[in-house]
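Take a look at the structure set out below.
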Amino acid sequence: AQKVTQAQTEISVVEKEDVTLDCVYETRDTTYYLFWYKQPPSGELVFLIRRNSFDEQNEISGRYSWNFQKSTSSFNFTITASQVVDSAVYFCALSGTNTGNQFYFGTGTSLTVIP
Amino acid sequence: NAGVTQTPKFRVLKTGQSMTLLCAQDMNHEYMYWYRQDPGMGLRLIHYSVGEGTTAKGEVPDGYNVSRLKKQNFLLGLESAAPSQTSVYFCASNRGNQETQYFGPGTRLLVL
């Protein structure tokens, strides 16, 4: 079974604080990909990152960083020095070899950055 | 490139009415998808297509039909709308299995 869990439904932080969004996944596939998407208040879904299961190196892009740990089946997303523009709903998703062409999305974490 | 576009952006229907949502992509992607997004439930796959002339059911296909007559277009039909189909509908496309999906701006549908 494929499943993505984002246990944090809503998070509020004060501007400039760091925040980590958790993503835990379940899969029996040995080859799979993990994704993060951002959905700002305007409603569109914006792609942030795609990682494959064989690459456990952490990735940093500006204020964004991702920590992939196979041992705990987690792919967490950290925003450093948060800004008001980071306020959005963030979705984690999984696509495995045996899921056909389907993505499995978590239920999202709503992040509010307070000025 | 426009990417993925959806028509219309917003629609109000009465129960029992029918309508078609249009998705178009100009990225020459093989695969296309229709999702619905409801509060607290993330994105749920309705139907998808792995190429022109093909369609397949996703997680929540009941009450919807789809067609992919042209590679760049993917239509989602509601034959007899129900209030439970009130939702935001997103179309997405990608090059192939496990590749990044790119989303359209969404269609907000209200069924009264």
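The values are calculated or read from the model by the stated rules, or taken from the named source; none is laboratory data. Model, not experiment: these values are computed from the prediction. FYI the Cβ positions are ideal-geometry reconstructions off the backbone, even for glycines, and counts take in every protein chain you see. Remember, those area values only see protein heavy atoms, side chains included, never the ligands or the DNA or RNA. Shrake-Rupley method; radii C 1.70, N 1.55, O 1.52, S 1.80 Å.
Within the stretch B:86-112, how many residues are in contact with a Phe, Trp or Tyr (Cβ under 9 Å, 6 or more places away or on another chain), more than 10 Å from every other protein chain (Cβ to nearest Cβ) and open to solvent by 10 Å² or more (accessible area, probe 1.4 Å)?
2
Got a sec? Which of B:30, B:59 is at the interface with another protein chain (Cβ under 10 Å from one of its Cβ atoms), touching a Leu at 6+ places or on another chain (Cβ under 8 Å) and open to solvent by 40 Å² or more (accessible area, probe 1.4 Å)? Explain how you work it out, then say what you get.
On the way: B:30 fails: touching a Leu at 6+ places or on another chain (Cβ under 8 Å).
Only one candidate qualifies: B:59.
Checking the structure you have, find out if any residue of the stretch A:53-60 is open to solvent by less than 30 Å² (accessible area, probe 1.4 Å) and part of a strand (DSSP E or B). Steps first, answer last, please.
Kept after step one, since they are open to solvent by less than 30 Å² (accessible area, probe 1.4 Å), are these residues of the stretch A:53-60: A:53.
Imposing the further condition that a residue be part of a strand (DSSP E or B) reduces the set to none.
No, the stretch A:53-60 contains no residue that is open to solvent by less than 30 Å² (accessible area, probe 1.4 Å) and part of a strand (DSSP E or B).
Return a yes/no flag: does the stretch A:76-92 have any residue that is among the aromatic types (Phe, Trp, Tyr), under 20 Å from residue B:34 (Cα atoms) and over 13 Å from the mean Cα position of the chain (by Cα). Let's see the steps before the verdict.
Taking the stretch A:76-92 as the starting set, the residues that turn out to be among the aromatic types (Phe, Trp, Tyr) are A:77, A:90-91.
Those left that are additionally under 20 Å from residue B:34 (Cα atoms): A:90-91.
Retained after the next criterion (residues that are over 13 Å from the mean Cα position of the chain (by Cα)): none.
For the stretch A:76-92, residues among the aromatic types (Phe, Trp, Tyr), under 20 Å from residue B:34 (Cα atoms) and over 13 Å from the mean Cα position of the chain (by Cα): absent.
Looking at this structure, is residue A:63 of a type in the set (D, E, K, R), more than 13 Å from chain B (Cβ to nearest Cβ), touching a Gly at 6+ places or on another chain (Cβ under 9 Å) and open to solvent by 10 Å² or more (accessible area, probe 1.4 Å)? Give the steps one after another, and end with the answer.
Details: of a type in the set (D, E, K, R): yes; more than 13 Å from chain B (Cβ to nearest Cβ): yes; touching a Gly at 6+ places or on another chain (Cβ under 9 Å): no; open to solvent by 10 Å² or more (accessible area, probe 1.4 Å): yes.
In short, no.
Okay, residues lined up against (1) out of contact with any strand residue (DSSP E or B) (no Cβ under 7 Å at 6 or more places or on another chain); (2) modelled with pLDDT of 95 or more:
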site: A:27; (1), (2): no, no
site: A:42; (1), (2): yes, no
site: A:58; (1), (2): no, no
site: A:75; (1), (2): no, yes
site: A:81; (1), (2): yes, yes
site: A:84; (1), (2): no, yes
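Does the stretch B:1-23 include one or more residues that are touching a residue at least 60 places away in the same chain (Cβ under 8 Å), touching a helix residue (DSSP H, G or I) at 6+ places or on another chain (Cβ under 9 Å) and open to solvent by less than 70 Å² (accessible area, probe 1.4 Å)?
The initial filter retains those residues of the stretch B:1-23 that are touching a residue at least 60 places away in the same chain (Cβ under 8 Å), namely B:3-19, B:21, B:23.
Among the residues that remain, those that are also touching a helix residue (DSSP H, G or I) at 6+ places or on another chain (Cβ under 9 Å) are: B:13, B:15.
So of that shortlist, the ones also open to solvent by less than 70 Å² (accessible area, probe 1.4 Å) come out as B:13.
Yes, because at least one residue in the stretch B:1-23 is touching a residue at least 60 places away in the same chain (Cβ under 8 Å), touching a helix residue (DSSP H, G or I) at 6+ places or on another chain (Cβ under 9 Å) and open to solvent by less than 70 Å² (accessible area, probe 1.4 Å).
With away from chain B (no Cβ under 13 Å), out of contact with any helix residue (DSSP H, G or I) (no Cβ under 7 Å at 6 or more places or on another chain) and within 30 Å of residue B:5 (Cα to Cα) as the only criterion, which of A:77, A:68, A:47, A:35 stands out? Walk me through how you get there before you give the answer.
Values: A:68 fails: within 30 Å of residue B:5 (Cα to Cα); A:47 fails: away from chain B (no Cβ under 13 Å); A:35 fails: away from chain B (no Cβ under 13 Å).
When all the criteria are applied, what remains is A:77.
Could you list, in sequence order, all residues of the stretch B:33-56 that are of a type in the set (A, V, I, L, M, F, W, C) and either surrounded by 14 or more Cβ atoms within 10 Å (Cβ to Cβ) or touching a residue at least 40 places away in the same chain (Cβ under 8 Å) (or both)? Let's see the steps before the verdict.
Step one: list which residues in the stretch B:33-56 are of a type in the set (A, V, I, L, M, F, W, C), which gives B:34, B:41, B:43, B:45-46, B:50, B:56.
Passing the criteria: B:34, B:43, B:45, B:46, B:50, B:56.
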